[in-house]
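Report on the following structure.
The values are calculated or read from the model by the stated rules, or taken from the named source; none is laboratory data. Nothing here was measured: the structure is a model prediction, and the numbers come from that model. Quick reminder, even Gly has a Cβ in these numbers, built from the backbone with ideal geometry, and neighbours come from all protein chains shown. Ligands, DNA and RNA are excluded from the accessible area calculation, which covers all protein heavy atoms including side chains. Shrake-Rupley method; radii C 1.70, N 1.55, O 1.52, S 1.80 Å.
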Amino acid sequence: MKVVALVSGGKDSTYNMMKCVEDGHEIIALAHAHPPEDAAQEELDSYLFQTVGSSAVATIAECMDLPFYLQVIAGSAITQTLDYELTKDDETEDLFALLSNVKRHHPDVAGVSVGAIFSSYQANRVQHVCDRLGLTMLAYLWHREQVGLLREMVHDGVEAILIKVAAMGLGKDDLGITLKQAMPKLISLSEKYGVHACGEGGEFESFTLDCPLFKKRIVIDEVETIIHSPDIYSPVLYLKLKALHTEPK
């Protein structure tokens, strides 16, 4: 099946692409929804999309040598129930516009890769859009046990860094470390406090620098630490990826 991959830049969307290819599918394009250019900051607190690291996602398409489609997130989470019905100005309609554009340029596309693990809110909306467009949602990570999944991602060559932290036990010193470096701490926090080891509760977000599907790897040259919420116990901090380049593998 020819597949368009919804990519946030993070480990989950990357690893789901790897599972698609492993299952015999062909990734023919990448698609990403991004904040408006005039947004005050990169973090929109979207219910549906990861927006931290958005400015660097095009580099992933470069590393895979694939067409890249963008859509501005103009809507918001108007319908916040788990189930979704078509709603004007909801951010789900930005996803519909994005995948509609991909389908216009690639009429043979049949599937959509999505890295959802436990978010029914996200999965239900992607499924709703796929149903409207006659596409098949491919979510190989859905309801996977998170500690085992995290270990599997690292073992299978997903090289990603933490670019946002938003949980007790995670702080500024964890920004920019690799998933492999963070794994013991994430597992410990999961065992002690019930933190989602893969960040499905919003505890952290990541950005992929390399994986077996990449023809080149990404190198971060300059970052800026942004304080999104200065909570004394669990501050929300993220990295703005200001400069990066690719290099041969």
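So what's the back-of-envelope 222 nm ellipticity for the chain, counting only DSSP H runs of four-plus at -39500 (n - 2.57) apiece and dividing by all residues, rounded to 500?
One gets -9000 deg cm²/dmol as the mean residue ellipticity at 222 nm.
So for the range 155-227, Kirkwood radius off the Cα pairs, Stokes-Einstein at 10 °C and 1.306 mPa s: how many µm² s⁻¹?
Details: Rh = 13.0 Å.
In µm²/s, the coefficient is 122.
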Kirkwood Rh (inverse of mean 1/r, distinct Cα pairs), the range 1-62, angstrom: 12.5
Listed residues K2, K215, K88 arranged by accessible area, highest first, probe 1.4 Å: K88, K215, K2
Above-threshold pairs, the threshold being 29 Å between Cα atoms, out of K11/K242; K11/K88; K103/K180; K19/K103; K164/K192; K88/K240: K11/K88; K103/K180; K88/K240
Solvent-accessible heavy-atom area per residue, rounded to whole Å², over the chain at 1.4 Å: 45
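Given a 1.4 Å probe and every protein chain left where it sits, what share in percent of the accessible area of the range 20-79 is carbon and sulfur? Write out the running numbers ahead of the final one.
Details: 1220 of 2650 Å².
So the carbon and sulfur contribution to the accessible surface is 46 percent.
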Separation in nanometres of the label points that stand 7 Å from Cα toward Cβ, at H245 and I187: 3.6
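Averaging sequence separations of C-alpha pairs under 8 Å and six or more residues apart, then dividing by the length of the range 1-158, give the relative contact order as a whole percent. Mind showing how you got there, number by number?
Details: 266 pairs, mean separation 43.9, N = 158.
The value is 28 percent.
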Whether the range 138-196 is rounded, prolate or oblate, judged on the alpha carbon gyration tensor where a/c under 1.5 counts as rounded: oblate
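Take every Cα-Cα pair in the chain and report what % of them are more than 30 Å apart.
Values: 6478 of 30876 pairs.
Everything past 30 Å amounts to 21 percent.
Normalise the Cα radius of gyration of the range 87-147 by 2.2 N^0.38 Å (N = residues in it) and let me know the number. It would help to have the intermediate numbers written out before the result.
Details: Rg = 12.3 Å, N = 61, 2.2 N^0.38 = 10.5 Å.
The range 87-147 yields a ratio of 1.17.
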